[in-house]
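> Sharing a structure with you now.
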Amino acid sequence: MPPPTVREPLSPWPFAGLVGLACVAFLIGATPLVVGAPWWAVVLLVLVWLGALGLAIAWFTTRPRAVALLPAVVALVWVATVVGGARFLDWA
């Protein structure tokens, strides 16, 4: 009988990244109410968020620290979209 395999302890970084992505999802969901962004901008932000969620799931065990950075990247995309839309596209 083969010896049981030793499991490495789980890293907390991917869990923190998924919690961060959940927080950014609330930012994106509130964007049309608070900022007055058009529907197409919100759809693009949701697509960016879904792409980040897919990467987070794919990288959960292979790149745990990168998963923790994904919410910051998506939040920066959100800020750039909101500020750029308010400045150049006259969003309220």
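> For a quick protection proxy, order the peptides 56-65, 2-11, 19-28 by their average other-Cβ count within 10 Å, most packed first. Intermediate values should be presented prior to the final figure.
Numbers: 56-65: 14.6, 2-11: 6.9, 19-28: 16.1.
Descending packing order for the listed peptides: 19-28, 56-65, 2-11.
> If you fit an axis through the alpha-carbon atoms of helix 39-58 and take the longest principal axis of the Cα set of the chain, what angle between them do you get, 0 to 90°, nearest 10?
The angle comes out at about 10 degrees.
> Gaussian network model of the chain, Cα springs within a sub-10 Å range: biggest mean-square fluctuation belongs to which of Leu76, Leu33, Leu53?
Answer for the Gaussian network model of the chain: Leu33.
> With angles folded into 0 to 90 degrees, how steeply does helix 13-34 sit against the dominant principal axis of the chain? Use alpha carbons for both and round to 10.
20 degrees
> Could you give the angle, 0 to 90 degrees to the nearest 10, between helix 64-88's Cα long axis and the longest principal axis of the Cα atoms of the chain?
On a 0 to 90 degree scale, this one is about 0.
> Right, here's the next one. Show that you can apply the helix-only estimate: for the chain, add -39,500 (n - 2.57) for every DSSP H stretch of four or more residues, divide by all residues, and state [θ] at 222 nm to the nearest 500. Before the final figure, lay out the partial values.
Numbers: 3 runs with 67 residues, N = 92.
My calculation for the chain gives -25500 deg cm²/dmol from helical runs alone.
Every number in this text was worked out from the coordinates using simple rules, so none of it is lab data. Note that the structure is a prediction, hence the values are computed from the model and not measured. Cβ coordinates were reconstructed from backbone atoms using ideal geometry, including for glycine residues, and neighbour counts include every protein chain displayed.
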